[in-house]
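Reading through the structure tokens given below for one structure.
The values are calculated or read from the model by the stated rules, or taken from the named source; none is laboratory data. This structure is a prediction, so every number in the text was calculated from the model and none was measured. Virtual Cβ from ideal backbone geometry, glycine too; neighbours counted across all protein chains shown. Each accessible area value is taken on the protein alone, full model and side chains, heavy atoms only, with ligands, DNA and RNA left out. Shrake-Rupley method; radii C 1.70, N 1.55, O 1.52, S 1.80 Å.
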Amino acid sequence: MTKVLVIEDNPANMTLAMFLLESAGHTVLSAIDAETGLTIARVQKPDLILMDIQLPGMDGLEATAILKADDATKMIPVIALTALAMKGDEERIRAAGCDGYIAKPLAYKEFLTTIKALLQTQSDAAATT
Ligand code: MN
């Protein structure tokens, strides 16, 4: 059973992400702002974080940089959820420490494939250490 934290302020995107993740058998934790998401990440240690980039207050890139600078959370993969699917944005997203990104609107198949691949990479890494 994997625990996935979704940090997303848009209710429709949150509902869809939760539905897809729960359908795939994941336990879903949710936060609608970065500050709450950071607290949940530290306490619950999810296996994966889906991070919206545009959030009220602290944005998703800043929140990712904080997670990746903290020994307690830096090993958790972060996938950015972004409506900005242009080249420069991918570089910004990678620079902040995100391990991947998914463009919105969420496409069902791409969404689950990306998540599965990242969780697989992580469990392979865990098995060899
Ligand atoms: Mn947003």
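What pairs come out if I take residues in the stretch 7-22 that are surrounded by fewer than 16 Cβ atoms within 10 Å (Cβ to Cβ) and pair them with residues that are not in a helix (DSSP H, G or I) whose C-beta lies under 6 Å away, six or more apart or interchain?
Pairs that qualify, where the first residue is surrounded by fewer than 16 Cβ atoms within 10 Å (Cβ to Cβ) and the partner is not in a helix (DSSP H, G or I), are Glu22/Val28.
Any residue at all in the stretch 8-19 that's at pLDDT 95 or above, within 11 Å of the chain's Cα centre (by Cα) and in a strand (DSSP E or B)?
no
What residue, of Met58, Met51, is within 16 Å of the ligand (Cβ to nearest atom), farther than 25 Å from Ser23 by Cβ and either open to solvent by 60 Å² or more (accessible area, probe 1.4 Å) or modelled with pLDDT of 95 or more (or both)?
Result: Met58 is the single residue among Met58, Met51 that is within 16 Å of the ligand (Cβ to nearest atom), farther than 25 Å from Ser23 by Cβ and either open to solvent by 60 Å² or more (accessible area, probe 1.4 Å) or modelled with pLDDT of 95 or more (or both).
(1) away from the ligand (no atom under 16 Å from the Cβ); (2) acidic (Asp, Glu); (3) over 14 Å from Lys104 (Cα atoms): which one isn't true of Glu90, the others all being true?
Glu90 satisfies all of (1) away from the ligand (no atom under 16 Å from the Cβ); (2) acidic (Asp, Glu); (3) over 14 Å from Lys104 (Cα atoms) except (3).
Being over 15 Å from the mean Cα position of the chain (by Cα) and within 17 Å of Met1 (Cβ to Cβ), is that true of even one residue in the stretch 69-79? It would help to see each step written out before you state the result.
Going through the stretch 69-79, the residues over 15 Å from the mean Cα position of the chain (by Cα) turn out to be 69-72.
Restricting the remaining residues to those that are within 17 Å of Met1 (Cβ to Cβ) gives none.
No, the conditions are met nowhere in the stretch 69-79.
Right, Ala107: free of Cβ contacts under 8 Å to residues at least 24 places away in the same chain, loosely packed, with under 12 Cβ neighbours inside 10 Å, hydrophobic (A, V, I, L, M, F, W, C) and on the phi < 0 side of the Ramachandran plot or not?
In short, no.
Specify which of the listed residues (Pro56, Pro46) is more than 20 Å from Met1 (Cβ to Cβ), touching a residue at least 40 places away in the same chain (Cβ under 8 Å) and not in a strand (DSSP E or B).
Pro56
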